[in-house]
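For reference, the structure is listed below as structure tokens.
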Amino acid sequence: GQRGKSSLPHARERTLIAVKPDGVQRRLIGQIIQRFEQRGFKLVGMKMLQVSVSEMNAFTMSVCNSSVTVDVSVVKVSEDLLSQHYSELRAKPFYPSLLYYMTSGPVVVMVWEGHNVVQTSRTMVGTTNPTEAQPGTVRGDFSTHVSRNVVHASDSLEGAKREIQLWFQGQELLNWDCCDQKSISEV
Ligand code: UDP
């Protein structure tokens, strides 16, 4: 019959979750992974890396009201991972400091799979600004300021597809059967 068919396209849905440099420094990697595991999502890819400043064009930014110029080692902006990841934010006033923050230390990027994972993980992560984030969300439990909000989660199916391709090679993502799958989802 038709039962269960409607959920089929969503069961293999994937999203990109990243523990940002502040989350790594604050030793929150384990707690963040635990939330996605216990919710019932499946980890299909994970790596730790630091995006180097030398990959970026020079930019001038304001840190604590003083102007800082970050070293120039020019690679085309279009080739830079973070500038592609945050391409929609290029015109924002906080963009230079966002790049500075995101290159300040290692990040852990992960791909999680499961029913409606894009939308559900946005709910689990909480609002962009931790000031409004509900307790129980990652940002609502672990952060206070929008500039250090601990975690990234793709905000749409299209965004997730784009970001996963940007951060991962195809062979870095594993298709594997989780033995509890039938208890987690109908398909
Ligand atoms: N950000 C910031 N200041 C702002 C808004 C955003 O530093 O006023 C940073 C913050 O780290 C945020 C990221 O830029 O997570 C990307 O912003 P976006 O609006 O895409 O929010 P998200 O999808 O991360 O919730």
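Within the group 139, 148, which residue is of a type in the set (D, E, K, R) and farther than 20 Å from residue 15 by Cβ?
Values: 139 fails: farther than 20 Å from residue 15 by Cβ.
Only one candidate passes the filter, namely 148.
One line per residue, one yes/no per condition, for (1) at pLDDT 90 or above; (2) more than 13 Å from the chain's Cα centre (by Cα):
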{"residue": "3", "(1), (2)": "no, yes"}
{"residue": "15", "(1), (2)": "yes, no"}
{"residue": "34", "(1), (2)": "yes, yes"}
{"residue": "37", "(1), (2)": "yes, yes"}
{"residue": "52", "(1), (2)": "no, yes"}
{"residue": "73", "(1), (2)": "no, yes"}
{"residue": "77", "(1), (2)": "no, yes"}
{"residue": "82", "(1), (2)": "yes, no"}
{"residue": "88", "(1), (2)": "yes, yes"}
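Within the range 170-184, can one find any residue that is within 13 Å of the ligand (Cβ to nearest atom) and either at pLDDT 95 or above or surrounded by 15 or more Cβ atoms within 10 Å (Cβ to Cβ) (or both)?
Within the range 170-184, the subset within 13 Å of the ligand (Cβ to nearest atom) is none.
No; the residues of the range 170-184 include none that is within 13 Å of the ligand (Cβ to nearest atom) and either at pLDDT 95 or above or surrounded by 15 or more Cβ atoms within 10 Å (Cβ to Cβ) (or both).
Looking only at residues that are free of Cβ contacts under 8 Å to residues at least 24 places away in the same chain and of a type outside the set (Asp, Glu) in the range 134-145, which one is surrounded by the most Cβ atoms within 10 Å (Cβ to Cβ)? Talk me through it step by step, then tell me what you get.
Within the range 134-145, the first condition is being free of Cβ contacts under 8 Å to residues at least 24 places away in the same chain, and the residues that meet it are 134-137, 139-141, 144-145.
When the remaining residues are screened for being of a type outside the set (Asp, Glu), the result is 134-137, 139-140, 144-145.
Numbers: 134: 11, 135: 7, 136: 11, 137: 19, 139: 24, 140: 17, 144: 13, 145: 10.
Here the answer is 139.
Number of residues in the range 111-139 that are within 13 Å of the ligand (Cβ to nearest atom) and in a loop (DSSP other than H, G, I, E, B) equals 8.
Confirm whether residue 90 is crowded, with 16+ Cβ neighbours inside 10 Å, within 13 Å of the ligand (Cβ to nearest atom) and of a type in the set (Lys, Arg).
On the way: crowded, with 16+ Cβ neighbours inside 10 Å: no; within 13 Å of the ligand (Cβ to nearest atom): yes; of a type in the set (Lys, Arg): yes.
Judged against the criteria, residue 90 is not a match.
Answer with yes or no whether residue 108 is assigned to a helix (DSSP H, G or I), modelled with pLDDT of 95 or more and buried (at least 16 other Cβ atoms within 10 Å of the Cβ). Against the criterion (assigned to a helix (DSSP H, G or I), modelled with pLDDT of 95 or more and buried (at least 16 other Cβ atoms within 10 Å of the Cβ)), residue 108 does not qualify.
The values are calculated or read from the model by the stated rules, or taken from the named source; none is laboratory data. Values in this document were obtained by computation on a predicted structure and should not be read as measured data. Every residue, glycine as well, gets a Cβ built from its backbone with ideal geometry; the counts of neighbours run over all protein chains shown.
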